[in-house]
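Reviewing the structure listed below.
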Amino acid sequence: MSNLRILLRVCILIIMIVGIVLLPHITLSEPAGLVEIPPEEVLEHVRVLSTLGSRVSGYEGCIIASEYIEKLLESYGYTIIRHSFNVTVPVDYGSSILFRTMGQEKVVKAYALAPNSVETCYTRGISGDLVYVEYKYGDLRDLSGLDVRNKIVIMDFNSGALWRWAVYLGARGIIF
């Protein structure tokens, strides 16, 4: 190994040791312009933002949320600069689920989900029996003993890739 490499390694080692020794003695100050927000105000902001409906880009809730946040940050003294750009987003024209059981009907609003970005297909409507799948293992064991072929499977949203197994076994649709 050359003397220059040894000298370079020794210098780096000295810098690291000095940094470690001095670090506990350095007092870090808050960056200028930080605003302290009481927890109650944070909860109020969460409440307001959660009432706006979908905040997907281009939707009314997104526009209202961005205006709300912009005004809030301006009230704290920040200068806001907006940049506009085009983005492709899915449009939900409205969906519902009609439940029919024992001569009664109930309509529940549904929200479209495009997990792989923009969904380009359109389904006019499907019908079928419902099957609930409980998420325990995240694999075929969760579907053991259940007949999902040509049925609509209901499962929790955070069920991992379990929905793929249901589709593989012939499910007509998935409701999270």
What is the residue count in the stretch 42-52 for residues that are surrounded by 11 or more Cβ atoms within 10 Å (Cβ to Cβ) and either β-branched (V, I, T) or under 21 Å from T79 (Cβ atoms) (or both)? 2
Can you name the condition, by its number, that G125 falls short on among (1) over 25 Å from A161 (Cβ atoms); (2) modelled with pLDDT of 90 or more; (3) assigned to a loop (DSSP other than H, G, I, E, B); (4) of a type outside the set (A, V, I, L, M, F, W, C)? (2)
Residues satisfying the stated conditions in the stretch 138-155, i.e. modelled with pLDDT under 90 and of a type outside the set (A, V, I, L, M): G138, D139
Considering residues of the stretch 135-176 that are assigned to a loop (DSSP other than H, G, I, E, B) and of a type in the set (K, R) only, the residue nearest to the chain's Cα centre (by Cα): K136
Considering only the stretch 61-90, state which residues are modelled with pLDDT of 90 or more, loosely packed, with under 14 Cβ neighbours inside 10 Å and closer than 21 Å to Y111 by Cα. I63
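The values are calculated or read from the model by the stated rules, or taken from the named source; none is laboratory data. Treat the numbers as computed from the prediction; the structure is a model and nothing was measured. FYI the Cβ positions are ideal-geometry reconstructions off the backbone, even for glycines, and counts take in every protein chain you see.
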